[in-house]
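The values are calculated or read from the model by the stated rules, or taken from the named source; none is laboratory data. What you see is a predicted model, and the numbers here were worked out from it, not measured in a lab. Please note: Cβ atoms are built from the backbone with ideal geometry, for glycine as well, and neighbour counts cover all protein chains shown.
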Amino acid sequence: MRARLADIVFAALLAAAALCVAFLSTRLGWQHDFSYAQRSSLDARTVELLHRLDAPVDIVSYAGHEVELRGAIADFLARYQRLKSDISLRFVDPDADPAATRAAGISIDGELDIRYQGRSEQLKVLTEREFDNALVRLARTRVRLVAFLAGDGERRPDGKANADLGNFGALLTGQGVRTLSLTLTAGMHIPQNVDVLVLASPQVPLAAPVVAEIDDYLARGGNFLWLVDPGSTAGLDTLAKALSLRVLDGTVVDGAGAAFGIGDPSFVAISTYPHNPVTQDFSLTTLFPQAAALGVVAGSEWKVQPLLRTGPKSWTRIGPIPQQGDTATIAYDADKGEIPGPLDIGVALSRLSPSPDKSEQRVIVI
């Protein structure tokens with residue numbers, strides 16, 4: 001059961017983070033197949049990606065004359081060719097043309113050399129996820145940059161601890177996105193070439209100059225991902241105000257996790273999602289441990305869309321929460337200022353960008 005729980009929580013964190021960066025920068029061209037399964041039809045986002053490729057894609061497979069291997073490669077790519085007719089495929093037998101094979105740096109039978117607009121990618125593992133990621137990298141004219149604020153106990157994009165986002169960072173790297181840990185010392189500014197800024201649950205209050213720099217980044221039209229833990233928002237009132245949001249007191253609790261054998265009510269289970277481009281076709285049940293609820297301030301200049309919403313039996317718990325195995329019980333208490341569900345624990349915000357060279361500014365808070 002612990003292994004199953006760990007897998008579900010991992011999927012929640014990785015899926016949420018990847019989905020959010022996709023929304024924040026459509027130029028990142030995010031593609032990820034969460035089903036890990038081969039399908040006869042292509043994912044809707046893969047179809048969108050193919051429509052954005054406005055030049056031929058030339059593929060050379062360095063595969064021997066083994067009929068089964070060549071047939072599997074051709075069948076796999078046929079799904080893409082049905083939607084984009086100028087994807088070409090030809091085979092080179094490494095034994096018949098060893099010079100060309102060596103020149104291309106080929107090391108595995110069946111390896112693909114994919115070319116698009118003068119750029120190339122080599123693919124040793126042929127899955128929809130790997131192939132889509134290769135197309136995403138080829139479609140980019142420059143490397144995108146996601147900066148993770150660091151220095152105050154934030155989750156690290158290259159860390160291995162349970163609280164870190166190392167798998168998310170690896171996912172971005174696999175798609176050709178550069179990640180940067182950014183520590184803002186006195187007088188430092190967020191670089192102009194940052195496509196998305198990430199603030200991932202700082203463990204100590206940020207210094208006033210750092211908060212001011214984040215506020216300025218937002219005022220300039222920067223895209224932003226803010227991962228919020230209960231109690232991690234000290235000193236960030238101006239940031240929440242700039243986004244017309246309020247982080248509600250307490251920790252969200254919900255008994256829906258019992259369906260997964262989870263006795264800790266602070267693990268919030270979500271299986272249905274509000275209508276939103278970010279979660280379109282997303283069907284995983286996700287668990288969010290120790291989540292904070294968000295409120296929207298009236299009169300916001302932002303267009304706010306719910307992204308992650310809890311069930312009607314949830315509420316914001318103010319006070320201790322029994323852990324799995326404890327015999328203590330809890331109940332909703334309006335006198336303590338607790339707020340009943342459904343509650344939004346993730347929202348997507350957008351507005352006309354204040355920057356003259358950008359059309360839209362996007363922010364996600366979870």
Here the residues within region 327-366 that are touching a residue at least 40 places away in the same chain (Cβ under 8 Å), farther than 15 Å from Glu301 by Cα and in a loop (DSSP other than H, G, I, E, B) are Ile330, Gly337, Glu338, Ile339, Gly341, Leu343, Ser355, Lys358, Ile366
When Ala259 is run through (1) touching a strand residue (DSSP E or B) at 6+ places or on another chain (Cβ under 8 Å); (2) surrounded by fewer than 17 Cβ atoms within 10 Å (Cβ to Cβ); (3) farther than 21 Å from Ala331 by Cα; (4) of a type outside the set (Phe, Trp, Tyr), the failure sits at (3)
The condition of being β-branched (Val, Ile, Thr) and over 30 Å from Asp43 (Cα atoms) holds, among Ile339, Ile345, only for Ile339
All conditions in (1) modelled with pLDDT of 90 or more; (2) loosely packed, with under 12 Cβ neighbours inside 10 Å are true of Gln361 except (2)
Q) Does Ala292 count as within 21 Å of Ala258 (Cα to Cα), surrounded by 12 or more Cβ atoms within 10 Å (Cβ to Cβ) and within 23 Å of the chain's Cα centre (by Cα)? A) yes
Among residues of region 174-196 being of a type in the set (S, T, N, Q) and surrounded by 14 or more Cβ atoms within 10 Å (Cβ to Cβ), the residue modelled with the lowest pLDDT is Gln175
When (1) touching a residue at least 12 places away in the same chain (Cβ under 8 Å); (2) closer than 30 Å to Gln122 by Cβ are applied to Thr173, the one that fails is (1)
Looking across region 50-70 at residues that are touching a Leu at 6+ places or on another chain (Cβ under 6 Å) and not small (Gly, Ala, Ser), the single one that is farthest from Ile106 (Cα to Cα) is Leu50
Scanning region 54-65 for residues that are surrounded by fewer than 17 Cβ atoms within 10 Å (Cβ to Cβ) and farther than 17 Å from Val125 by Cα gives Asp54, Ala55, Pro56, Asp58, His65
Heads up, the helices (runs of 4 or more DSSP H) in region 165-269 (entirely inside) with at least 2 residues that are among the β-branched types (Val, Ile, Thr) and farther than 26 Å from Gly319 by Cβ are 208-219
**Message:** Please verify whether Gly325 is modelled with pLDDT of 90 or more and exposed (fewer than 13 other Cβ atoms within 10 Å of the Cβ), treating the condition exactly as stated.
**Reply:** no
Within region 137-159, residues β-branched (Val, Ile, Thr) and surrounded by fewer than 22 Cβ atoms within 10 Å (Cβ to Cβ) come out as Thr141, Val143
